[in-house]
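First comes the structure, then the notes that go with it.
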Amino acid sequence: MNEHKKIHLKDYRPFEFIVDHVDLVFDIRDDHTRVTSKLKMKKDPARANETTPLVLNKGTFDIISVVAGDMVLLPGEYKSDDEIFSLVATPDIFELEITNILKPDENTALEGLYRSGSILCTQCEAQGFRNITPYPDRPDVMAPFSCTIVADKTRYPVLLSNGNLVKSGDLDNNRHFAVWEDPFKKPCYLFALVAGDLDVLEDRFTTASGRDVALKIYSEKENIDRCSHAMTSLKQAMAWDEKRFGREYDLDLYQIVAINDFNAGAMENKGLNIFNAKYVLADPQTATDDDFMGIQGVIAHEYFHNWTGNRITLKNWFQLSLKEGLTVFRDQEFSSDMNSRPVQRISDVKKLMAAQFPEDSGPMVHPVRPDAYIKMDNFYTMTVYEKGAEVIRMIYQLLGQALFRTGMDLYFEKFDGMAVTLEDFVGVMAKVSGRNLDQFFRWYTQSGTPAVSMTRQYDENTKSMSLTFTQATSPDRNQSEKKPFHIPVRIALINRAGETVKQDALYELTQETDTFKFENVPADIYPSVFREFTAPVRLTTDFSDQDLAFLMARDTDPFNQWHAAQTLFVNEIKNLVTAIQAGNPMAVSAGLVNAFSLALEENQKDRAFLSRALALPQETEIKDHFEIIDVEAIHQARTFLKQTLAQKLTSEFKTVYELCRSANSDDISGGAMADRSLKNLCLSYLGSLANNDVQDIVQKQFEHAGNMTDEFAAFKILSHMNADVRDKACPAFYDKWQARTLVIDKWFSVQAQSSLEDTLDQVKKLTTHKDFTMANPNKVRALIFAFAMNNPMHFHRVDGQGYEFTAERILMLDKINPQTAARLCSCFNLWKRYDENRQAMMKKQLETMAEQKELSRNLYEIVSRALE
Ligand code: 0A1
Ligand code: ZN
């Protein structure tokens, strides 16, 4: 394995030049695209008259010509290799014109200019612009761009870029052109171009100040009637950002394009968002309720970036969470306001615990602001995004809504048009609140999940309850010693009747141990702590299972009710695992069945909440509660718990299933979604029994469902029942949906996650299916990621074949799409947490990968960290 250089935050230096204007011309031909870039540049005034070499980033393409001023440069007069274009010296002010040839059809990495079906498009974040033309590819170089696109009129009737269309027209030979100008200065990672034969859904939005904005969503022609939910979501997001943050849209045009081949969810390019089609296209027949929610959230996220990311951008990539954490916080708040706040909070925290906490316990552990990277692409992580959003949420808690808004206003006022740092952001929050946030800033620089424990002490004499909190964070590769974090904790006190005895208030932990005393309270009182999950910590308490059952039923914070229920489930599963490991018989405690049954009786209340509260944590979430992960025991224990609950409460589940069936099948209102979600939870419990009676119910729902939510829920259950049932359901689902590629992704993923014996063989077979290709990230995610990340029983097969298969696929993918290969490889990250046999087998696969001669830098970074 070749070593690759690390880039360190401490080595940051400003760029020596200023780019006053960028003028790009894309001449699109059948087998290549010719790019001409005219840069107007000057030396940073501080360096005038110095001999400063000009060094631009560059991809592996060939340069055709270089013109400096009006001098054509000969190849010896500039330097150019696969990474860099440079000139030894320049005048103080100059123009540089570089022409190069790109082969978008050969670009399988999906970075820079590439083809997705019949569409040509770009992806530049983080460092893809250098694959288009030589440029200072860094976020702190901001410039106004113009972009001319010339192409065949039949193949590419639609030509799009950032900003406003200023000119277009026909040329000879059935060709045409469009000229776009973006008046806002931007870093090159926000540049975008799209050319293709697309249909458009149009709408308009009038901003608070009366500006009329044209909204356009583009997709392949056959999908244009599936864009209306995305359009509705966009208008909701625009209105919300005005109301909640006083932010209006700033151009006359907002464009979104849906693409089938995309490495991530979507990209916030200025005025021209490019989206994975999965986050645009939906109708009730082909998209689940979760898909609808996902679209609303991602459309909003990209829209919110227009202010947090685009107008104010990053000084360097280490500050990524400045735009991502803040924008995730904003989209979470938006979704909470549009839908159910408690349910949104539960799903956000569940995601954090399921994916970010494990990241902190593996080789990729890094602070929200990383100190170093080899490939920036590898740091679009749960830590930067989700934990980053939690850090913003803590500031929001500490300041309160009004001061936080004042801080945001000042942030926009002070830094508009600039490339800034996390210190700048926290600085304005400190300023408007008059608070010292120095210790708080550790959340950005110190890695790891703090473990916080809470214990109660009651003093009969003074009738006071003391709550003692201790915090500890394990040392890791980033810091060998951890200092205490500044942790906000929201606390209320509740009595046995479920009444609030002490209103909810914010407390702050700043030491290794902090104690808060509550005077004049009765002994039988319950503290409800970390309400709404005030901080991203692993919490342990001295609550017994009985206490937890009480809190599950009576905590006045729905988030904490959910958390209590999940803790109860985890405790129960832990006990079952202990029994399995000791060879003892398994038994589910009566208290748990009782608490569950009581909760199910509350089904007339909030069904969306209830369906979350009564869902067992996934095996992938449960594993995080064990130091050594016993794959089989966890699977067995969870299955046993699910089946026991289903058996003991069969008639209750059936009753609630029937009660929730009334929703109109294409109604996507919150109420209808809530009904479906509780109904399908009941079906999933019943389905675990796999007897003829329930099989019949599931089969009926599968065959007669009026929407994808119900159909998919039933399909998933059938895929686990037995091979006969699965072998009938799979072709039926495929035949019905083969024309819909996004639904076929679901079809792949269900089979990859099946618990049946022969799953790995099925997955291998599916890799040769005519609809599967390693070149499409959605297909790879549907089949290979789903298997490696969400099917622990089969990925961790004792014979090591799950590992072998996955490692082969990673290496295969690395040749096609390094970004996605590196992401997939994180399935090996926690190898040290398994038994010795599995450790050895996983390590062997990592070593085999490490031995490859031509590993991408992306994959190299993941593999080498895992083996360190
Ligand atoms: N900034 C986008 C996500 C994104 C990040 C990286 C990409 O390629 C490496 C693509 C998209 C967002 O947060 O939505
Ligand atoms: Zn983002």
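Taking one quarter of the surface of the convex hull spanned by the alpha-carbon atoms of the range 369-467 gives a direction-averaged projected area of 9.2 nm².
Taking max minus min of the alpha-carbon positions on each principal axis, the range 347-403 gives extents of 40, 24, 16 Å, largest first. With 25 Å as the cut-off, how large is the P(r) tail for the range 727-850, expressed as percent of Cα-Cα pairs? Roughly 22 percent, once rounded to a whole number.
Of the peptides 277-285, 587-595, the order by per-residue mean of other Cβ atoms within 10 Å, starting with the highest, comes out as 277-285, 587-595. Calculated FRET efficiency, Glu413 and Asp31, Cβ-Cβ r, R0 60 Å, to nearest 0.05? The computed FRET efficiency comes out at 0.75.
For the pair Asp199 and Lys844 in one chain, pulling the backbone fully straight at 0.36 nm per residue adds 227.3 nm over the alpha carbon distance. Helices in the chain, meaning DSSP H runs of at least 4 residues, each add -39500 (n - 2.57). Divided by all residues, the mean residue ellipticity at 222 nm is -12000 deg cm²/dmol. Look at the dipole of the chain built from charges on Cβ: of Thr406, Ile217, Phe292, the Cα furthest out on the positive end belongs to Thr406. For the range 160-279, the tally of Lys pairs with Cα-Cα distances below 22 Å comes to 16, considering only residues 8 or more apart or on different chains. Pairs of Cα atoms in the range 105-190 fall into 10 Å distance bins, from 0 up to the last occupied one, in shares of 17, 42, 35, 6, 0 percent.
Full extension of the segment from Asp761 to Ala739, taken as 0.36 nm per residue of separation minus the current Cα-Cα distance, would add 5.4 nm. Using a simple spin-label model with pseudo-atoms 7 Å out from Cα toward Cβ, Asp542 and Ser65 lie 8.1 nm apart.
Computed from Cα positions, the angle between helix 289-304 and the longest principal axis of the chain comes to roughly 40 degrees.
Each peptide among 265-276, 107-118 gets the average number of other Cβ atoms lying within 10 Å of its residues, and from highest to lowest they stand as 265-276, 107-118. Inter-part distance, the range 133-165 to the range 581-657, computed on C-alpha centroids, equals 53 Å. Quotient of the Cα radius of gyration of the range 645-781 and 2.2 N^0.38 Å, N being its number of residues: 1.09.
Normalised by 2.2 N^0.38 Å, with N the number of residues, the alpha-carbon radius of gyration of the range 51-149 equals 1.13.
Here the simple spin-label model places points 7 Å from the Cα toward Cβ, and for Lys815 and Leu659 these points are separated by 5.8 nm.
Between Ala472 and Lys5, the simple label model (points 7 Å from Cα in the Cβ direction) yields a spacing of 4.2 nm. Mind checking the alpha-carbon convex hull of the range 519-665 and giving the volume per residue in Å³? Hull volume over Cα atoms, normalised by residue count, gives 154 Å³. Each other residue within a Cβ distance under 13 Å of Thr773 adds +1 if Lys or Arg and -1 if Asp or Glu, for a net charge of +1. Using 0.36 nm times the number of residues separating Tyr12 and Asp105, minus their current alpha carbon distance, what extension gain do you get? Result: 30.0 nm gained on full extension.
Rounded to 0.05, the FRET efficiency of the Asp693 and Thr620 pair, given R0 = 22 Å and the Cβ-Cβ distance, is 0.15.
Computed from the C-beta positions of Thr207 and Val166 and an R0 of 25 Å, the FRET efficiency is 0.70 to the nearest 0.05.
The calculated P(r) of the range 1-87, using every Cα pair and 10 Å bins from 0, goes 12, 38, 33, 15, 1 in percent.
Label reach from Val72 (point 7 Å along Cα→C-beta): in the range 136-151, no amide nitrogen lies under 14 Å.
From a point 7 Å beyond the Cα of Lys431 in the direction of its Cβ, which residues of the range 394-408 have a backbone N at a distance under 17 Å? Under 17 Å, as judged by backbone N against the label point of Lys431, lie 403-408 of the range 394-408. Peptides 400-408, 98-106, 199-207 ranked from most to least packed by the mean count of surrounding Cβ atoms within 10 Å: 98-106, 400-408, 199-207.
Taking the C-alpha atoms only, the angle from helix 692-704 to the longest principal axis of the chain is near 30 degrees. The long axis of helix 590-601 is offset from the longest Cα principal axis of the chain by roughly 70 degrees.
Round to a whole angstrom and tell me the spacing of the C-alpha centers of the range 492-510 and the range 69-114. So the two Cα centres are separated by 63 Å. Among Asp799, Asp710, Asp252, Asp514, a tally of other beta-carbon atoms within 10 Å of each Cβ gives an order, fewest to most, of Asp799, Asp252, Asp514, Asp710. Its Cα gyration tensor gives the range 249-334 an equivalent ellipsoid; the semi-axes, largest first and in whole Å, are 23, 14, 12.
Using only the Cα atoms of the chain, what semi-axes does the equivalent ellipsoid have when each is the square root of 5 times a gyration tensor eigenvalue? Give whole Å, largest first. Output for the chain: semi-axes of 46, 33, 27 Å. Diffusion of the range 769-833 by Stokes-Einstein, at 20 °C in a medium of 1.002 mPa s and with Rh set to the Kirkwood radius over alpha-carbon pairs, works out to 179 µm²/s.
No lab work stands behind these numbers, since they all come straight from the coordinates. Keep in mind it's a predicted model, so treat the numbers as computed, not measured. With ideal geometry, Cβ positions are generated from the backbone for all residues, glycine too; neighbour counts draw on all protein chains shown.
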